[in-house]
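Scroll down for the structure; my scribbles are underneath it.
The values are calculated or read from the model by the stated rules, or taken from the named source; none is laboratory data. What you see is a predicted model, and the numbers here were worked out from it, not measured in a lab. All Cβ positions, glycine included, derive from the backbone under ideal geometry; neighbour counts span all protein chains shown. Surface accessibility is based on the protein's heavy atoms, side chains included, excluding ligands, DNA and RNA. Shrake-Rupley method; radii C 1.70, N 1.55, O 1.52, S 1.80 Å.
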Amino acid sequence: MTRDAIAAFNKRLFKAFQIRDIKVGAVPDIEQRLISDHLIAQGTADASQVNTVLEEVTGIQALDPTFISFDPSFIAHITLLVPESVARDETVFPVRHENEYIHLSMAMPQDNEAIRRLEAVTGSRIKPYCCNGPAIRSAIDKYYSSRPPVAEPEAENPAILLEAALKSLNKLKTTRADSMALINNADLIRLLQHVMNALVKSGASDLHMEPRESDFRIRFRKDGVMQTAWTWPPIFRDAIIDRLKLLSRMDLNQRSLPQDGSINFGLIKDRVVDIRVSALPSLYGEKIVMRILERDKKQVTLNEMGMEPRDAALLEKTIHHPTGLILVTGPTGSGKSTTLYAVLTELNTDSVNIVTAEDPVEYKLDGLTQVSCTADTGLSFKDALRSFLRQDPDIIMVGEIRDAETADIALKAAMTGHLVLSTLHTNDAAGAISRLVHMGIPPYLVASAQITVVAQRLMRRLCEKCKTPFTPGNDMLRAMEIAAEDKTLYQSVGCPECAGTGYHGRIGIYEILQVSDRIMDLILKDQPAKAIKEAAMLEGMQTLREAAAAKLSAGLTTIEEMLRVTMDA
């Protein structure tokens, strides 16, 4: 419990006790001690009176753990999930573990910061009850005194957690315990909590839980590249998968069809994240993939995107034009959403009405009207776009153009007084123009709209602590289209700072194409993407390969990374 939380709660308690004509008097250490605890200590109010007041102030049911008889096996289980240090710090006592919920008696049940910490420690949702502090501390003294000290999962040695979970699961399997006993096993939960926190804090964007014939593999994607974290015995397959399905509120009995869910409570310590969860049936069981979306992550601005000055100036000018269509293209994981949010952040003022259709809403931006177009809502992008046009918008963002009807509405909106932003999956900027035509959009309509296409990729950035210079041969320089005077390049090595990968973070490369009069003629003549790209290059467009070469010459990345990222560009 923090000083600020205690002080805020004490103000509410003071008013409640005044109404009941219970005199509070002077409270020593009022910023560190609840008024209710003081009154019980002074004998001014008894525990039942305080619990009644707590119920009135919080609107949460009171539950005193000192009136409950707990089974020894439950105490052994729950005191492992809620370490004594956490219970004392937050003045809480666990009274029940039911499905994905842990029920807690709390001195301050409306302390959201405390609840987030408890969720991160226990890997469970919290169902709070209110109770006076002395009763909670009495229960802690009684039931924790004979238990060995336990650290929070994040601070534990993963090898020790793995061994403990393996023993527990083997024992439960031997005794033919039911599936919920496996899913809610304290050792399993602590192991999973350590894994989730360690991988997210390492910078992972996606976590993969993969059942295989003879083991269970955990991999993660960091800086766009997949890496293996752990390989465990197959006994963990069903327990881990079912635990994650429970937390993301999927159907535990459905194993033959794909499912989607989300985890949006405090699963990760000290991080505000939403986790999108996908379950896919496979040969050896269901595979779980989790996408990590950080709500408190600082939004990238246009100035921080790392564009070349010419491209940055061009995009800045384009987004402030009141009409037109801006398309961001690239493969999955290339940073398209980040670019769109950077543009929206730049344009977000009180003088414009911005509406977005997203699948799903990844980051919440104040001042925008954001609409979720997911299977749960039943709202498609094209239906959302039609509705937007009746909402007096200035700027419209639609997450992706997936079909001809959505493309047609977006293009017509761009031609009738709106700035429209969206994405397409194409390899380069010119390919986006051809994609629209191949969708069935008439060439004259594509040519008439003011279209700007931003193609992009993300390349891993060299670790500044361990990168090493080397001088490539002239043949390699020519193949890379790098001038001879720029021939001092760098290669990756690996060090503790970058976890031995040689890279730390990522940088963007961009290719920006604007439909000019020359390109408009090519579109009307139904010329291929190659011809459009060549025309754009003659007009000064920097290609993705050229942008990557510039980062290479600047010592920011490697030849291997440049080739990996621009192979299809």
>> Of everything in segment 326-357, what is among the charged types (D, E, K, R) and touching a strand residue (DSSP E or B) at 6+ places or on another chain (Cβ under 6 Å)? Give them in sequence order.
In response: K336
>> Looking only at segment 118-152, how many residues end up being assigned to a helix (DSSP H, G or I) and within 22 Å of the chain's Cα centre (by Cα)?
In response: 5
> Since A159 meets every condition but one in (1) more than 35 Å from the chain's Cα centre (by Cα); (2) open to solvent by 60 Å² or more (accessible area, probe 1.4 Å), which condition does it not meet?
Replying inline: (1)
>> Being of a type outside the set (S, T, N, Q), under 22 Å from R390 (Cβ atoms) and either open to solvent by 50 Å² or more (accessible area, probe 1.4 Å) or touching a helix residue (DSSP H, G or I) at 6+ places or on another chain (Cβ under 6 Å) (or both) is the filter here; which residues of segment 348-364 pass it?
In response: D350, V355, A357, D359
> Going through segment 202-217 one residue at a time, which ones are surrounded by fewer than 20 Cβ atoms within 10 Å (Cβ to Cβ) and at pLDDT 90 or above?
Replying inline: S205, D206, H208, R212, E213, S214, D215, R217
> Within segment 424-437, which residues are part of a helix (DSSP H, G or I) and among the aliphatic types (A, V, I, L, M)?
Replying inline: A429, A430, A432, I433, L436, V437
> Which residues, taken from segment 270-316, are modelled with pLDDT of 85 or more, farther than 23 Å from I507 by Cβ and among the basic types (K, R)?
Replying inline: R276, K287
>> Among the residues that make up segment 167-185, is at least one of them touching a residue at least 24 places away in the same chain (Cβ under 8 Å), over 27 Å from the mean Cα position of the chain (by Cα) and closer than 30 Å to P496 by Cβ?
In response: no
> Looking at L421, L411, which is the one that is within 18 Å of F381 (Cα to Cα) and in a strand (DSSP E or B)?
Replying inline: L421
>> From the list L199, L118, exactly one residue is under 30 Å from R12 (Cα atoms), modelled with pLDDT of 90 or more and surrounded by 22 or more Cβ atoms within 10 Å (Cβ to Cβ). Which is it?
In response: L118
>> Looking at segment 423-434 only, could you name the residues that are touching a Leu at 6+ places or on another chain (Cβ under 6 Å) and either closer than 17 Å to E358 by Cβ or not aliphatic (A, V, I, L, M) (or both)?
In response: L424
>> For segment 245-255, check the following and say yes or no: at least one residue is in a helix (DSSP H, G or I) and closer than 22 Å to E163 by Cβ.
In response: no
> Looking only at segment 170-186, which residues are out of contact with any His (no Cβ under 9 Å at 6 or more places or on another chain) and either part of a loop (DSSP other than H, G, I, E, B) or at pLDDT 95 or above (or both)?
Replying inline: T175, R176, A177, D178
> Checking I189 against (1) buried (at least 17 other Cβ atoms within 10 Å of the Cβ); (2) free of Cβ contacts under 8 Å to residues at least 24 places away in the same chain, which test does it fail?
Replying inline: (2)
> When segment 379-400 is examined, which residues are found to be part of a helix (DSSP H, G or I) and under 29 Å from the mean Cα position of the chain (by Cα)?
Replying inline: F381, K382, D383, A384, L385, S387, F388
> Which number in (1) touching a Lys or Arg at 6+ places or on another chain (Cβ under 8 Å); (2) open to solvent by less than 30 Å² (accessible area, probe 1.4 Å); (3) small (G, A, S) marks the one condition that S248 misses?
Replying inline: (1)
>> touching a Gly at 6+ places or on another chain (Cβ under 7 Å) and of a type outside the set (S, T, Y): which single residue out of A177, A107 fits that description?
In response: A107
> Which one of these is more than 30 Å from D350 (Cβ to Cβ), in contact with a helix residue (DSSP H, G or I) (Cβ under 7 Å, 6 or more places away or on another chain), open to solvent by less than 10 Å² (accessible area, probe 1.4 Å) and not aromatic (F, W, Y): L445, L424, L411?
Replying inline: L424
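Yes or no, residue by residue, for (1) open to solvent by 10 Å² or more (accessible area, probe 1.4 Å); (2) touching a Gly at 6+ places or on another chain (Cβ under 7 Å); (3) small (G, A, S); (4) not in a helix (DSSP H, G or I):
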| site | (1), (2), (3), (4) |
| --- | --- |
| Y490 | yes, yes, no, yes |
| G505 | yes, no, yes, yes |
| E511 | no, no, no, yes |
| M520 | yes, no, no, no |
| I523 | no, no, no, no |
| D526 | yes, no, no, yes |
| R545 | yes, no, no, no |
| A550 | yes, no, yes, no |
